[in-house]
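Worksheet: one structure, shown below.
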Amino acid sequence: MPTVEEKFDIIIIGTGLSASCFIHELVEKLKIKINLLWIGPFDKRPQTVCLWEPRDSDPWYKDFIQQKWDSWYFKFDNETISHTSINYNYIAIDAQLLRKKAMKKILDLNWITRDTSSVLDVSQDEGIFTVKTIERNFIAEEVIDTRPPAYKENSILQHFHGLKLKAKSIDSKNISNDVCLMDFDIDQEDQTGPCFIYALPFSNSEILIETTFFSKKIKSKESYILQIGKWLKSRYNMELNDYEIINSEHGVIPMGRIIPIDVSLARLGSAGGATKISTGYTFEYILKQTQNIIGQIHQKQHLITYNPHPKPLAILDYIFLEVVKNNPSLMPSIFMQMALKLKPDTFVEFMCEKNSFVTSFKMIMAMPKMPFIAALLRIGFKRNV
């Protein structure tokens, strides 16, 4: 029978990106004394996460930035639309390094305890939580859960597999320095949703290429890699064998309503609804959630999940998702219209929810009207978004 260990003020479950961001921020900003347990097996996955940042920003995660760009492009039906931003950079962060540094950051801290056990269950009795593992139980006044949520059957998923590649020969054709946000000119093999290539050039000889689907069914690894090879051939006239595979990344992001493991717990990251469901971007919303929860800790409040997405924008996201679900073939033209009709900085502000009412209006005017009106009528405003 598991033994009962000491009582903690706070237990955070999970060791992924959201928990690691929380630890980084908490160590730097905490102004009161607490006793915290960080529990879960270490997450060893290679992981690259991206966001747009103002050019003059000086974020705490700057040491984990792999590369930054001010230009990107979209491609569909042999048409390319390029953007160059005046005020923003597109930033790639090495999330694996960020997680490792978070682990090192706590080594000399006597107020954070680390445990590598997997959590079996969390229960609550008279305001006290019990976190159960195979070997022992832990008790805490507050629990923050970052474990990935489940999703409903027939949900639209953003699922991807990527390869980080390095050219074997110095004679290889130089890689373009522009980010490929979406290239839809590849085989559209899934009738439930579109597929595109997303590519980040880290140098003229190193690139991360991901095959991404917005669809209901996860593919075999070979399906994603096949598309990567075809894109390399069409874009650079190069074969996959011309490159060394440095590492690979894989992910599945539910684009819609999630099912948390335990709704009674304060949740952070995708478990807490951080993901922007129309795009899959999550990192900057994790940062907002982290700041909010640290504020709750300072005010000695009972911790609750913070939704970082303004309700009007969440409604727009659900309408967009409804359009994609019922008209999957429209997604490429929707993003192309947005790229064509919105200025680069306006596009960025919409994508990362820095947009004003005027920006939102411009985005709506760039969309095909009838599918969005039909989607609005289907979901209605009575849904709790």
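Quick grid of which residues meet (1) buried (at least 20 other Cβ atoms within 10 Å of the Cβ); (2) part of a loop (DSSP other than H, G, I, E, B); (3) modelled with pLDDT of 75 or more:
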residue	(1), (2), (3)
Q301	no, yes, yes
V323	yes, no, yes
A339	yes, no, yes
R378	no, no, no
F381	no, yes, no
Give the residues of region 16-36 that are over 24 Å from the mean Cα position of the chain (by Cα) and more than 16 Å from W60 (Cβ to Cβ), sorted by residue number. K31, I32, K33, I34, N35, L36
Would a scan of region 22-37 turn up a residue that is part of a strand (DSSP E or B) and either on the phi < 0 side of the Ramachandran plot or at pLDDT below 95 (or both)? yes
Being in contact (Cβ under 8 Å) with a residue 60 or more places away in the chain and outside any strand (DSSP E or B) is the filter here, so list the residues in region 122-136 that pass it. T133, I134, E135
Taking region 341-356 on its own, how many of its residues are in a helix (DSSP H, G or I) and under 18 Å from G280 (Cα atoms)? 5
Based on this model, can you work out whether Y318 counts as free of Cβ contacts under 8 Å to residues at least 40 places away in the same chain, farther than 24 Å from F202 by Cα and either among the hydroxyl-bearing types (S, T, Y) or touching a Cys at 6+ places or on another chain (Cβ under 7 Å) (or both)? no
Given the conditions (1) in a loop (DSSP other than H, G, I, E, B); (2) within 21 Å of K288 (Cα to Cα); (3) touching a residue at least 40 places away in the same chain (Cβ under 8 Å); (4) out of contact with any Asp or Glu (no Cβ under 7 Å at 6 or more places or on another chain), report the number of the one that F42 does not fulfil. (2)
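A quick yes/no check of all residues on (1) at pLDDT 95 or above; (2) of a type in the set (S, T, Y); (3) buried (at least 21 other Cβ atoms within 10 Å of the Cβ):
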site: F214; (1), (2), (3): no, no, yes
site: R235; (1), (2), (3): no, no, no
site: N247; (1), (2), (3): yes, no, no
site: K288; (1), (2), (3): yes, no, no
Within region 46-57, how many residues are part of a loop (DSSP other than H, G, I, E, B), touching a strand residue (DSSP E or B) at 6+ places or on another chain (Cβ under 7 Å) and either without any contact (Cβ under 8 Å) to a residue 40 or more places away in the chain or of a type in the set (D, E, K, R) (or both)? 1
Return the pair list, or none, for Cβ contacts closer than 8 Å from residues in region 171-191 that are at pLDDT below 95 to residues that are charged (D, E, K, R) and part of a loop (DSSP other than H, G, I, E, B), at least 6 apart or on different chains. D190/K217; D190/K219
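The values are calculated or read from the model by the stated rules, or taken from the named source; none is laboratory data. Model, not experiment: these values are computed from the prediction. Note that we place each Cβ from the backbone using ideal geometry, even for glycine, and neighbour counts take in every protein chain shown.
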